[in-house]
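Notes follow once the structure below has been shown.
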Amino acid sequence: MVYDFNERIDRYKTNSLKWELLPPKGNPMWVADMDFPSAPAIRKAVEKRAVHGVFGYSILPKEWKQSYQLWWKNRYNLDIPNEWLMFSTGVIPAISSCIRRFSAPGDKVIIQTPVYNMFFNCITNNGRQILENELVYRDGVYSMDFADLEEKMQDPQASIMLLCSPHNPTGNIWTSEDLERVGELADKHSVLVICDEIHCDITDPGTSYIPFLSVSDKCRNNSIVTLSPSKSFNIAGLATACVCVPDAGIRARTHRVLNNDGLTEPGVFAIDSVIAAYTKGGEWLDDLRGYIFENKRIVRAFLQNNLPNIRLCESNATYLLWLDCSQIEPDDSKTLAEHILKTTGLKLNAGESYGSCGRHFLRMNIACPREQLVDGLSRFKQGLV
């Protein structure tokens, strides 16, 4: 491993959402924000731009699209034409805009719960209805319920499906067969798929996610895919993302709504950071993946040896762990999370914010230096005694 991820960085008094909401001696292992500095190549690019000193309006250079194309070709063997790619200031703003553009007030949007809590906000804040296709959970493993999914897609008010791939919070990498079936059902029932692939790069060593656009013509021609290096390289604060749309008709409507909502003007750091990440950050990312994988192994061993009633759900993507607490907290994990925070200073996500089927679960963010991880596990045990 070339890069060292063990250094602890003091993030207090930097307006950090993750840290500022806790007392000074707390340990935040909740929101999907890594406690590692970003890749050296990104920091160097941002520093160079900052030294210039003029931060006016920016345009996208050809290198911005080229960096996405290079990354997806080299990593995932996916060819992405120039015209498919559009800038957005963020994945969630883009999804929210697309929900408004491709559905009507009162329409239903399908989500596969438990799922990223912001999906709920994107739907309800836009006056649409949530239609849950609950994932099947058996013995620590999640899978799609296709019979129920088709039933939901047959609802005449269902116009959009939000697909999370890889899945947050379960950490699933959906198979080609899973994704192909989603694409077939969506095409059959005229439901547009908006696929969030923001966690795609954080996978276990030796594993890789499968781009939705690579699976079939039906997937490619009936979808909007959101991409970003923000999770992979810890640059969420730079407000940079990409919307990828193969179909010309869908793309034209997407481009219009992103422009109408003011999401297409990049900040000065949003450009250079992406180019640096995707052209010079590969080795750093691979070292990061190995480090996170070892953190996951440490958590698994700790739970087995100290908290055998807590089940770590099987996953092979993201730096977020989904913990089944049903054997110790049968009512709700919100109360449990609040108790742990109050008594130990450890902050975890309560599972019910990802859907009612997550009420027995906690989400733990392990993208942190090893010392912080060990401290967090100690506090976790303390909070359960």
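The values are calculated or read from the model by the stated rules, or taken from the named source; none is laboratory data. As the structure is a computational prediction, the values presented were derived from the model and not from experiment. Every residue, glycine among them, receives a Cβ derived from its backbone with ideal geometry; neighbour counts consider all protein chains shown. We work out accessible area using only protein heavy atoms, side chains counted, and drop any ligands, DNA or RNA first. Shrake-Rupley method; radii C 1.70, N 1.55, O 1.52, S 1.80 Å.
Just one of (1) part of a loop (DSSP other than H, G, I, E, B); (2) open to solvent by 20 Å² or more (accessible area, probe 1.4 Å); (3) in contact with a Lys or Arg (Cβ under 7 Å, 6 or more places away or on another chain) fails for Ile210. It is (3).
Conditions tested, residue by residue: (1) modelled with pLDDT of 95 or more; (2) more than 23 Å from Phe5 (Cα to Cα).
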position	(1), (2)
Gln304	yes, yes
Asn316	yes, no
Asp331	no, yes
Gly355	yes, yes
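The listed residues are Ser315, Ser353, and the only one of them that is open to solvent by 10 Å² or more (accessible area, probe 1.4 Å), closer than 26 Å to Glu132 by Cβ and in a helix (DSSP H, G or I) turns out to be Ser353. Screening Leu321 with (1) more than 27 Å from Pro37 (Cβ to Cβ); (2) open to solvent by less than 60 Å² (accessible area, probe 1.4 Å); (3) of a type outside the set (Val, Ile, Thr); (4) at pLDDT 95 or above gives one miss only, at (1).
Can you work out which of the residues in the stretch 124-154 that are among the hydrophobic types (A, V, I, L, M, F, W, C) and in contact (Cβ under 8 Å) with a residue 60 or more places away in the chain is farthest from Leu185 (Cα to Cα)? Write out each step before concluding.
Pass one, the stretch 124-154, residues among the hydrophobic types (A, V, I, L, M, F, W, C): 130-131, 135-136, 141, 144, 146-147, 149, 153.
Filter again for in contact (Cβ under 8 Å) with a residue 60 or more places away in the chain, leaving 135, 141.
Working: Leu135: 16, Val141: 23 Å.
Residue satisfying both the conditions and the ranking: Val141.
Among the residues making up the stretch 318-337, a single one is among the acidic types (Asp, Glu) and touching an Asp or Glu at 6+ places or on another chain (Cβ under 8 Å): Asp332. Residues in the stretch 260-275 that are in contact with a strand residue (DSSP E or B) (Cβ under 9 Å, 6 or more places away or on another chain) and either in a helix (DSSP H, G or I) or buried (at least 20 other Cβ atoms within 10 Å of the Cβ) (or both): Leu263, Pro266, Ala270, Ile271, Val274.
Which members of the stretch 1-34 meet the condition of being touching a helix residue (DSSP H, G or I) at 6+ places or on another chain (Cβ under 7 Å) and of a type in the set (A, V, I, L, M)? Selection gives Met1, Val2, Met29, Val31, Ala32.
Is the stretch 321-332 home to any residue that is of a type outside the set (A, V, I, L, M, F, W, C), out of contact with any Lys or Arg (no Cβ under 6 Å at 6 or more places or on another chain) and within 28 Å of Thr124 (Cα to Cα)?
Just the residues of the stretch 321-332 that are of a type outside the set (A, V, I, L, M, F, W, C), to begin with: 324, 326-327, 329-332.
From what is left, the residues that are out of contact with any Lys or Arg (no Cβ under 6 Å at 6 or more places or on another chain) are 326-327, 329-331.
Those still in the list that are within 28 Å of Thr124 (Cα to Cα) too: 331.
Yes.
Kindly indicate whether Leu285 is surrounded by 22 or more Cβ atoms within 10 Å (Cβ to Cβ) and within 19 Å of the chain's Cα centre (by Cα). For Leu285, the condition - surrounded by 22 or more Cβ atoms within 10 Å (Cβ to Cβ) and within 19 Å of the chain's Cα centre (by Cα) - is not met.
Inspect all residues belonging to the stretch 62-74 and state whether any of them is outside any helix (DSSP H, G or I) and either surrounded by fewer than 16 Cβ atoms within 10 Å (Cβ to Cβ) or without any contact (Cβ under 8 Å) to a residue 60 or more places away in the chain (or both).
So the first thing to find is which residues in the stretch 62-74 are outside any helix (DSSP H, G or I), and the list is none.
Scanning the stretch 62-74, I find no residue that is outside any helix (DSSP H, G or I) and either surrounded by fewer than 16 Cβ atoms within 10 Å (Cβ to Cβ) or without any contact (Cβ under 8 Å) to a residue 60 or more places away in the chain (or both), so the answer is no.
Close Cβ contacts (under 9 Å, 6 or more residues apart or on different chains) running from residues in the stretch 1-15 that are closer than 12 Å to Cys368 by Cα to residues that are open to solvent by 80 Å² or more (accessible area, probe 1.4 Å) comprise Asn6/Glu371; Arg8/Glu371. Does Ile194 satisfy being in contact with a Leu (Cβ under 6 Å, 6 or more places away or on another chain), crowded, with 18+ Cβ neighbours inside 10 Å and modelled with pLDDT of 95 or more? Answer is yes for this residue.
Of all residues in the stretch 17-39, those satisfying the criterion of being part of a loop (DSSP other than H, G, I, E, B), in contact with a Gly (Cβ under 9 Å, 6 or more places away or on another chain) and at pLDDT 95 or above are Gly26, Met29, Asp33, Ser38, Ala39.
Regarding the stretch 186-199, can at least one residue be identified that is assigned to a loop (DSSP other than H, G, I, E, B), β-branched (Val, Ile, Thr) and farther than 29 Å from Glu352 by Cα? Spell out how you get there, then give the answer.
Just the residues of the stretch 186-199 that are assigned to a loop (DSSP other than H, G, I, E, B), to begin with: 189-191, 197-199.
Imposing the further condition that a residue be β-branched (Val, Ile, Thr) reduces the set to 191, 198.
Now restrict to residues that are farther than 29 Å from Glu352 by Cα: none.
No: zero hits.
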